[in-house]
Amino acid sequence: MGYRDNVALDYEALSPERQARVAPKLRPSFGVVEGGGLDASVRRGVSLQFLFNIKVVLSIVMLFVAIGFVRVALLSASVSTLQHNKVLTSTIEQAQMHNSELKVEHSILANSNRIGRIATQSYGMVLPEKVDTINIAEPSSDVSESSQQ
């Protein structure tokens with residue numbers, strides 16, 4: 001039993017036709033196809049359509065968040081204004097009540113009968129029997145004569 005092609009050949013001594021026939025046929029063990037397969041799609045990256053869809057979704061989410069913030073800000077401003085109005089209303093009501101109490105007290109204290117009674121009883125004052133009046137609207141004759149000299 002012998003093995004075929006186990007003898008070393010001198011390729012240079014062979015004719016070119018014989019070299020082509022004897023030389024082993026070199027072929028790749030697997031085929032390489034550029035741009036195909038799962039690995040190529042991973043290396044290619046994310047598609048532009050997917051990126052556009054992500055941007056649209058993020059824009060919509062940001063819009064809803066911004067609208068939510070605006071609504072919360074308006075609501076808190078409204079609540080704050082309503083509370084401030086309530087405080088002002090109660091302050092005005094208290095001031096009006098105090099004003100009405102002061103008006104009653106003023107009318108009581110400004111009564112001329114009461115003032116006369118306090119003056120006569122507490123301080124011993126009496127009403128004058130004779131009242132002298134001075135009229136300053138007409139100049140006296142003494143003053144006008146002295147101004148002419």
ask   = Between Ser59 and Val131, what is the label-to-label distance in nm when each label sits 7 Å out along the Cα-to-Cβ direction?
value = 9.2
remark   = Full extension between Leu51 and Thr81 adds, at 0.36 nm per residue less the Cα distance, a length in nm of 6.3 nm
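Rule-based calculations on the coordinates, nothing more; no lab input. As the structure is a computational prediction, the values presented were derived from the model and not from experiment. As a convention, Cβ positions derive from the backbone with ideal geometry for all residues, glycine included, and neighbour counts pool all protein chains shown.
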